[in-house]
Amino acid sequence: MNKEKIQKGNLFFSIVEKVTPIIAIIGALIIGSIVILLIGEDPIQVYKMMFGLAIGNRDGWGNVLFRATPLIFTGLAVAFAFRCGLFNIGGEGQVYVGAFLAAYVGFTFINFPAIILIPLTIAASAIGGAFWATIPGVLKAKKGIHEVIITIMMNWIAASFTFYLALLYKAPPTEAMRMAGVQQMIPHTSEIVEAARLPRIASILSKINIQFPAHNPLNVSFIIAIIAAFLVYYILWKTSLGYEIRAVGYNQTASEYAGINISKNIILAMMISGALAGLVGTNELMGYKFRWRQDLFTNLGFNGIAVALLGKNHPFGVVLAAILFGILSYGGALVNIFTGGKIPRELIMVIQAVIVILVVISDEIIKRVILRRKAE
Amino acid sequence: MIDSILNPDFFASVIRIAIPLTLAGLGGVFSEKSGVVNIGLEGIMLTSAFAAVAGTNFTENVWLGILIAAIIGILLGLIHAIVTVTFKANQIVSGVAINLFASGITVFLSWLWFHETQIMALKSLPIWGFKIPNPGEVSPLVRSLIVIFAHHSPMVYITLFIIIISHILIFKTPFGLRLRSVGEYPQAADTLGINVISMRYIAVLISGGLAGLAGSFLSIEQAHFFVKEMSGGRGFIALAAMIFGKWTPIGTVGAALLFGAGEALAIRLQGIFTIPVQFINMVPYLLAIFVLVGAIGRATAPAADGIPYEKEIG
């Protein structure tokens, strides 16, 4: 084989390597359409409805980005830890603790002005998440206990703990509830004060005369998520801390010989990862529901793993992957409604799982092909 | 007060709580002994818990339901094996994907087939063993022994059988020797003519089947229904039990019993002291963390655990 041909081939495969997520998405949509066929529906119609409704208009886009926002945070969290060779599967728990702390600050410091309270509440959600992730980080760094099982256990503990706190700080029953003599179905806290809330994107756009549906839940948290993505990029590739974290992730032994403090970097990476996950509180809590409720967050931590993988653990890839998942999630929910429940929205979770499997498989195949070509 | 906690019923419930952890933990032992980490146990348990109820209700036969659950477990194990052994993809990622898949498919099918997310099991297994005698009929000791050991679901006795078989299989047979060598030093095993790939496939399929049985016990025998996310992290607790049990069947059983005791104790203490139920719910997970912290230093994973086997070229 002549050299030129090999080089051309290598170029081809290095491009393919970059686009494995697209291959995976197409593959997953095909598998999804088989499932839809088995239910007896027309996959093309369903997908048309799904994407048409989700991204066909401004309201759809707003909802998609609103759903993408928490996934950007948890996706960044997973990607950041992964760069240090750590699997942070505890996003879920970090979200719970971060958001609860934000709620606590938001309904406690009621006399603070917005200019202090908003940053304080944002900081609270990051600190809560960081604290919850630091525990497995320390156990990993000092004791060598695998972070996967610990972070999972911390998820369940967080769920129970915040449930307890929600009962402790339960909002007083409203007048209507008192009249009807009913209790809260799912315990929730009081609302955070006005000064702790993030403005909706619609209200900002209306000031500069851009049409955007006022009821749309998209809020400033999305902008915070984008800033976070840039920050993660900056930390990982433009600072010495990022350099060390990536070095530890790449080769722990070599890093140690190079004089890098492994356990310090592991703890810091988990801390930052947890802070990113905790920031989910800015979206659902500060920007949308304004009160802590047990069922406010579902599967965000785990979907963050899928988002990080699909985004190749790169912050900008994470943003794109989160938007795709936002489309799937919003589109899937709408399809469920418009087909009268014929297509359960959990189909989306199945498609997401298939995407994950196909991404890792196609990555491995491409890597192997390139290696073999290099060997030749 | 001690009497109201440490009575025969307590020990019987310890055993019942330990069964799914034991089965899934044994699955973990087989898989990791061969060098494949399987955190998909959680999702396999969940899917099989659903499959057991769905299978039982459709076939109107509990045993068929349990068989279907085991087969589903093996199939999910097969997916994990294809992704991690054949394609050598990251084992944690594959496990996460299986768990994600499980959360989705169980609710998806619940809606599709039963139009709700909590499905009652129409049948359950009979109790095997002796009838519990009335107090005074026999000596208290005999009565206690019957309550603790001889008045259970058939699955309990089957689990005991599986524990013994697993121990013999792993430590007393040529198959077990090959299995362990593949997980310790696959290159050497390969040189000796052991097929690393097929050994790992077999091990992961066994782990899937065992996690499947664990899931069927959760839904059919413990809860008598399926509800979404009912596995509740037990697949991971089982892995903690496996680590605390030093990757051996007997050790894993011991650790699973410890978890069972912790959970049963917490439930009983709740009746005596006023502890918020949320703290009781935390006990298994806190216990798992403490156990893992305590296991460090003495626990030794198989040397090639988690590392895909790459045949050297040339």
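Just to be sure, is A:Val280 touching a helix residue (DSSP H, G or I) at 6+ places or on another chain (Cβ under 6 Å), of a type outside the set (Asp, Glu) and more than 14 Å from every other protein chain (Cβ to nearest Cβ)? Even if it seems obvious, please write down each step before you answer.
Numbers: touching a helix residue (DSSP H, G or I) at 6+ places or on another chain (Cβ under 6 Å): yes; of a type outside the set (Asp, Glu): yes; more than 14 Å from every other protein chain (Cβ to nearest Cβ): yes.
Here the answer is yes, as A:Val280 does meet what is asked.
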Checking the conditions here, which among B:Ala264, B:Ala303, B:Ala256 is small (Gly, Ala, Ser) and assigned to a loop (DSSP other than H, G, I, E, B)? B:Ala303
Do the conditions hold for A:Val360, that is, is it touching a helix residue (DSSP H, G or I) at 6+ places or on another chain (Cβ under 9 Å), modelled with pLDDT of 90 or more, farther than 14 Å from A:Val64 by Cβ and at the interface with another protein chain (Cβ under 8 Å from one of its Cβ atoms)? no
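Run down A:Ile351, A:Ile343, A:Ile366 and say which single residue is within 18 Å of the chain's Cα centre (by Cα), farther than 15 Å from A:Ala68 by Cα and within 12 Å of chain B (Cβ to nearest Cβ).
Working: A:Ile343 fails: within 18 Å of the chain's Cα centre (by Cα); A:Ile366 fails: within 18 Å of the chain's Cα centre (by Cα).
From the options A:Ile351, A:Ile343, A:Ile366, the qualifying one is A:Ile351.
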Of (1) in a helix (DSSP H, G or I); (2) in contact with a Ser or Thr (Cβ under 7 Å, 6 or more places away or on another chain), B:Ala288 satisfies every one except (2)
Which condition number in (1) hydrophobic (A, V, I, L, M, F, W, C); (2) over 21 Å from B:Met199 (Cβ atoms); (3) within 14 Å of chain A (Cβ to nearest Cβ); (4) under 13 Å from the mean Cα position of the chain (by Cα) is the one that B:Ile39 fails? (2)
With respect to A:Met154, determine if the residue is in contact with a Phe, Trp or Tyr (Cβ under 9 Å, 6 or more places away or on another chain) and either more than 14 Å from chain B (Cβ to nearest Cβ) or within 30 Å of B:Val283 (Cβ to Cβ) (or both). yes
List, please: which pairs have Cβ atoms under 6 Å, are six or more places apart or on different chains, and start with a residue in the range B:106-118 that is more than 8 Å from chain A (Cβ to nearest Cβ) and under 21 Å from B:Gly73 (Cα atoms) and end with one that is surrounded by fewer than 20 Cβ atoms within 10 Å (Cβ to Cβ) and of a type in the set (Phe, Trp, Tyr)? B:Gln118/B:Phe225
Of the residues that sit in the range A:282-317 and are surrounded by 23 or more Cβ atoms within 10 Å (Cβ to Cβ) and touching a strand residue (DSSP E or B) at 6+ places or on another chain (Cβ under 6 Å), which one is farthest from A:Arg246 (Cα to Cα)? A:Trp292
Criterion: surrounded by 24 or more Cβ atoms within 10 Å (Cβ to Cβ) and within 14 Å of another protein chain (Cβ to nearest Cβ) - qualifying residue of A:Leu71, A:Leu101: A:Leu71
Mind counting the residues in the range B:232-251 that are more than 11 Å from chain A (Cβ to nearest Cβ), of a type in the set (Gly, Ala, Ser) and either part of a helix (DSSP H, G or I) or within 26 Å of B:Ala102 (Cα to Cα) (or both)? 1
Look at A:Val319 and say whether it is within 10 Å of the chain's Cα centre (by Cα) and more than 14 Å from chain B (Cβ to nearest Cβ). yes
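Going through B:Phe217, B:Phe290 one at a time, which residue ends up being aromatic (Phe, Trp, Tyr) and crowded, with 23+ Cβ neighbours inside 10 Å? Walk me through it before giving the result.
Values: B:Phe290 fails: crowded, with 23+ Cβ neighbours inside 10 Å.
Of B:Phe217, B:Phe290, the one residue that is aromatic (Phe, Trp, Tyr) and crowded, with 23+ Cβ neighbours inside 10 Å is B:Phe217.
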Quick check on my filter: what residues within the range A:187-204 are surrounded by 18 or more Cβ atoms within 10 Å (Cβ to Cβ) and more than 16 Å from A:Asn283 (Cα to Cα)? A:Pro187, A:His188, A:Thr189
Could you give me the residue pairs with C-beta distances under 6 Å whose first residue belongs to the range A:127-140 and is away from chain B (no Cβ under 13 Å), whose second residue is of a type outside the set (Asp, Glu) and surrounded by fewer than 24 Cβ atoms within 10 Å (Cβ to Cβ) wherever it lies, and which are 6+ apart or on separate chains? A:Ala130/A:Met271; A:Thr134/A:Met271; A:Gly137/A:Ile267
Reported set for the range B:1-33 where residues are hydroxyl-bearing (Ser, Thr, Tyr), surrounded by fewer than 24 Cβ atoms within 10 Å (Cβ to Cβ) and over 19 Å from B:Leu160 (Cα atoms) is B:Ser4
Kindly indicate whether A:Lys207 is surrounded by fewer than 22 Cβ atoms within 10 Å (Cβ to Cβ) and within 14 Å of chain B (Cβ to nearest Cβ). no
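Evaluate the following for B:Arg234: is it among the basic types (Lys, Arg), in contact (Cβ under 8 Å) with a residue 40 or more places away in the chain and buried (at least 20 other Cβ atoms within 10 Å of the Cβ)? Write out each step before concluding.
Numbers: among the basic types (Lys, Arg): yes; in contact (Cβ under 8 Å) with a residue 40 or more places away in the chain: yes; buried (at least 20 other Cβ atoms within 10 Å of the Cβ): yes.
Judged against the criteria, B:Arg234 is a match.
I'd like to check which helices (runs of 4 or more DSSP H) are fully inside the range A:198-298 and have at least 2 residues that are among the aliphatic types (A, V, I, L, M) and in contact with an Asp or Glu (Cβ under 8 Å, 6 or more places away or on another chain).
Details: elements: A:201-207, A:221-238, A:240-250, A:252-257, A:262-278, A:280-284.
Counting at least 2 such residues, we get A:262-278.
Let's see how each residue does on (1) of a type outside the set (Ser, Thr, Tyr); (2) more than 10 Å from every other protein chain (Cβ to nearest Cβ); (3) within 18 Å of the chain's Cα centre (by Cα):
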position	(1), (2), (3)
B:Leu67	yes, yes, yes
B:His80	yes, no, yes
B:Thr84	no, no, no
B:Phe87	yes, no, no
B:Val96	yes, no, yes
B:Ser103	no, no, yes
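In the list B:Ala261, B:Ala255, B:Ala266, B:Ala295, which residue meets the criterion of being more than 9 Å from chain A (Cβ to nearest Cβ) and under 23 Å from A:Glu147 (Cβ atoms)?
The match here is B:Ala255.
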With the structure loaded, tell me whether B:Trp128 is within 14 Å of chain A (Cβ to nearest Cβ) and among the aromatic types (Phe, Trp, Tyr) or whether it fails that test. no
Which of the residues that make up the range B:116-138 are closer than 27 Å to A:Val35 by Cα and in a loop (DSSP other than H, G, I, E, B)? B:Glu116, B:Thr117, B:Ala121
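Select, from A:Leu334, A:Leu309, A:Leu320, the only residue that is touching a residue at least 12 places away in the same chain (Cβ under 8 Å) and closer than 28 Å to B:Thr84 by Cβ. Before the answer, list the steps.
Values: A:Leu334 fails: closer than 28 Å to B:Thr84 by Cβ; A:Leu320 fails: touching a residue at least 12 places away in the same chain (Cβ under 8 Å).
Just a single option satisfies the conditions, and that option is A:Leu309.
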I'm told A:Tyr250 meets every condition in (1) within 18 Å of the chain's Cα centre (by Cα); (2) hydroxyl-bearing (Ser, Thr, Tyr); (3) closer than 21 Å to B:Ile92 by Cα except one. Can you identify the failing condition by its number? (1)
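The values are calculated or read from the model by the stated rules, or taken from the named source; none is laboratory data. None of these values were measured; they are calculated from a predicted model. FYI the Cβ positions are ideal-geometry reconstructions off the backbone, even for glycines, and counts take in every protein chain you see.
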